[in-house]
Structure formats: C-alpha cells, structure tokens
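Structure first, commentary second.
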Amino acid sequence: MERYRRERGGALLRAGRGFDRLKQGLRTLVLRHWLAWANTAWGGLVILPWLAPVLMKVGATRPARGIYLAYGFLCHQFADRSIFLFGPRPAYSYTELLPYAPRADTWLGLRAFVGTPELGYKVAWSDRMISLYGGLWIGGLLFALVRRRIGPLRWPGFALLAIPMALDGGTHLISDLAGIGQGFRYENAWLAQLTGNLFPSSFYGGTNWGSFNSWARLVTGLLFGLALVWFLYPHMDQVFHDLATCGRPAPAQAVAGCTPIGEGHARHSAGKE
C-alpha cells in the first residue's frame with residue numbers, strides 16, 4: 001500500500017512538473033513573440049472591414065451586417081466619408097447618395113446606408129479609420145524589421161505627428177455642428193483663399209475621393225498610427241523581453257540578464273556612437 005502511495009505521489013509530481021513546463025513554454029512563446037501576435041491581430045482587424053462589401057456583393061448579407069454592426073462601435077461609418085467597392089466610383093458626396101438613400105442628409109442616414117448594387121458597398125469603417133488602423137498594422141510590420149535598431153519616439157516627436165489629426169478631426173467636429181454640407185470644412189473656402197484657388201474646385205469642396213478633406217483624413221490618420229507604434233512599441237518590446245527572461249519588468253538595476261526598460265535601446269545607440 002505504501003509503495004502504491006509513493007508511486008502515485010511520484011506520478012502526480014511528474015505530471016505537475018510537466019504541466020508547469022508546458023505553462024512556462026506557452027508563456028514564453030507568447031512573450032517572446034508578442035509582436036507577431038499583435039501584428040496578426042491588427043491584420044485581422046484591418047482586413048475584416050473590407051470583407052463586408054464583398055459579402056454584400058455575393059448576397060451574404062447577414063454576416064456582412066454583422067461586420068458593419070461590430071465596427072460601428074469603432075467608427076461613425078458615414079457613407080460620404082467611406083470607400084465603396086464594386087461601384088463606378090470609390091466615394092460619393094451626400095448629395096450623390098440622396099437618390100438612393102433619402103435620409104443621406106442626416107447623420108443617422110449616412111451611418112445606416114451601406115450601399116446598393118448600382119453604387120457598390122462601403123467598407124465597414126471610414127477612410128480615416130482605414131488609414132489610422134492601417135498605420136498601426138503597417139507600423140507594426142515595419143517595427144519587426146528594425147526593432148533592434150530603433151529607440152522609442154520621444155514625446156515632442158509624437159505630439160508633432162499627432163497634432164495634424166487632432167486639428168483635422170477637431171475642425172471637422174466643429175464644422176459638422178452646422179449640419180451636413182453646411183460647415184466651413186465642407187467647402188473649405190478658407191483653403192481656396194489661402195492657396196489662391198490654385199487647385200480645381202473639386203479639390204476644395206466635399207468629401208469625394210481626391211478632395212482635400214479625403215486626403216487630410218487619410219494622411220493624418222496614417223501619421224498618427226505610425227507615430228503611435230514608434231512611440232509605444234519599443235517600450236512594449238523591452239517589457240515583454242524582461243518578462244520572458246526574468247519573469248518581471250527589470251528594476252533600475254539589471255538582474256539575471258534582464259535590462260531596465262529602454263536601456264537596451266540606449267546601449268545600442270551608445271554603441272553606434
């Protein structure tokens with residue numbers, strides 16, 4: 001009986017050790033490859049909205065509506081600020097949408113309208129969200145190539161790259177209070193005067209593809225997404241490295257081969273000098 005108990009206890013102990021090794025292996029796998037997991041997650045988040053118009057086109061409206069509903073929590077989805085697939089044009093003004101969507105002169109109407117066979121179907125989030133989240137994904141992929149050779153972006157640099165989106169989004173928000181097609185950011189008369197009407201009128205007014213408003217949303221969103229990755233990912237990389245090697249973020253003094261957050265990047269920079 002005693003021998004049976006010892007054997008049983010030994011088996012349980014070995015099983016416990018095996019489970020601990022498995023748990024540690026999985027933990028290390030996640031921590032050491034956090035960037036791959038993050039890029040995969042961002043990639044899925046960025047690609048899925050483009051699947052909604054594809055599903056609408058092939059008649060799978062229920063899963064398409066599910067995607068529109070889910071991404072509606074992340075974006076306003078206004079149709080006049082969205083990209084359309086499978087239609088004659090990639091974007092439309094609210095006046096061009098009115099014959100197909102009588103409520104396109106309201107914010108709720110623009111949000112609810114997903115498209116028609118004649119116009120095509122909109123991507124599940126707006127052009128700004130496409131560039132912003134796309135910037136996060138592209139930035140993560142680029143960081144994977146240079147993570148050992150680049151340090152974090154400092155606060156002034158991040159602010160410089162974030163301010164354009166804050167200005168563009170903030171002025172749009174104020175302008176939209178006047179109503180659809182009524183605010184100063186719709187016609188952009190201020191810009192036409194500032195540039196001496198150097199560009200065609202289609203560039204200044206509206207939200208169509210190629211207009212100033214469209215370019216401003218795309219460019220400022222992309223800049224912010226890339227800046228956020230550059231600002232955060234080097235710090236995150238150091239934290240996950242320390243967690244994987246010593247089980248916790250390293251303290252101010254290096255222990256057990258761990259380095260304080262950011263010190264690895266600083267040492268690399270100093271070595272190059």
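The values are calculated or read from the model by the stated rules, or taken from the named source; none is laboratory data. Everything numeric here is computed off the predicted structure, so don't read it as measured data. When we count neighbours, we look across all protein chains shown, and the Cβ atoms used for this are built from the backbone with ideal geometry, even at glycine.
Inspection of the stretch 143-153 finds no residue satisfying the criterion of being β-branched (Val, Ile, Thr), outside the structural domain of GLY87 (by TED's automatic domain parsing) and in contact with a Gly (Cβ under 9 Å, 6 or more places away or on another chain). Out of LEU108, LEU198, LEU142, LEU136, one residue alone is crowded, with 18+ Cβ neighbours inside 10 Å and outside any strand (DSSP E or B). It is LEU136. Filtering the stretch 149-160 to residues that are part of a helix (DSSP H, G or I) and over 17 Å from the mean Cα position of the chain (by Cα) leaves TRP155, PRO156, GLY157, ALA159, LEU160.
When LEU31, LEU55 are checked against the criterion of being more than 15 Å from TYR121 (Cα to Cα) and either surrounded by 15 or more Cβ atoms within 10 Å (Cβ to Cβ) or modelled with pLDDT of 95 or more (or both), a single residue qualifies: LEU31.
Return yes when LEU243 is more than 14 Å from LEU132 (Cβ to Cβ), in a helix (DSSP H, G or I) and at pLDDT 50 or above and no when it is not.
Values: more than 14 Å from LEU132 (Cβ to Cβ): yes; in a helix (DSSP H, G or I): yes; at pLDDT 50 or above: yes.
Yes.
Filtering the stretch 64-89 to residues that are buried (at least 16 other Cβ atoms within 10 Å of the Cβ), outside any helix (DSSP H, G or I) and either among the β-branched types (Val, Ile, Thr) or in contact with a Gly (Cβ under 6 Å, 6 or more places away or on another chain) (or both) leaves ILE83, PHE84, LEU85, GLY87.
In the list THR95, THR61, which residue meets the criterion of being hydroxyl-bearing (Ser, Thr, Tyr), surrounded by fewer than 18 Cβ atoms within 10 Å (Cβ to Cβ) and at pLDDT 95 or above?
Numbers: THR95 fails: at pLDDT 95 or above.
So the residue among THR95, THR61 that is hydroxyl-bearing (Ser, Thr, Tyr), surrounded by fewer than 18 Cβ atoms within 10 Å (Cβ to Cβ) and at pLDDT 95 or above is THR61.
Do we find a residue being surrounded by fewer than 19 Cβ atoms within 10 Å (Cβ to Cβ) and without any contact (Cβ under 8 Å) to a residue 12 or more places away in the chain anywhere in the stretch 214-226? For the stretch 214-226, residues surrounded by fewer than 19 Cβ atoms within 10 Å (Cβ to Cβ) and without any contact (Cβ under 8 Å) to a residue 12 or more places away in the chain: present. Applying the set (1) over 30 Å from LEU108 (Cβ atoms); (2) at pLDDT below 95; (3) part of a helix (DSSP H, G or I); (4) not β-branched (Val, Ile, Thr) to ARG185 leaves exactly one unmet item: (1).
Residue check: THR220 meets all listed conditions (1) of a type in the set (Ser, Thr, Tyr); (2) modelled with pLDDT under 95; (3) assigned to a helix (DSSP H, G or I) but one, namely (2). Against the conditions (1) more than 19 Å from the chain's Cα centre (by Cα); (2) over 28 Å from PRO88 (Cα atoms); (3) without any contact (Cβ under 8 Å) to a residue 24 or more places away in the chain, ILE163 satisfies every one except (1).
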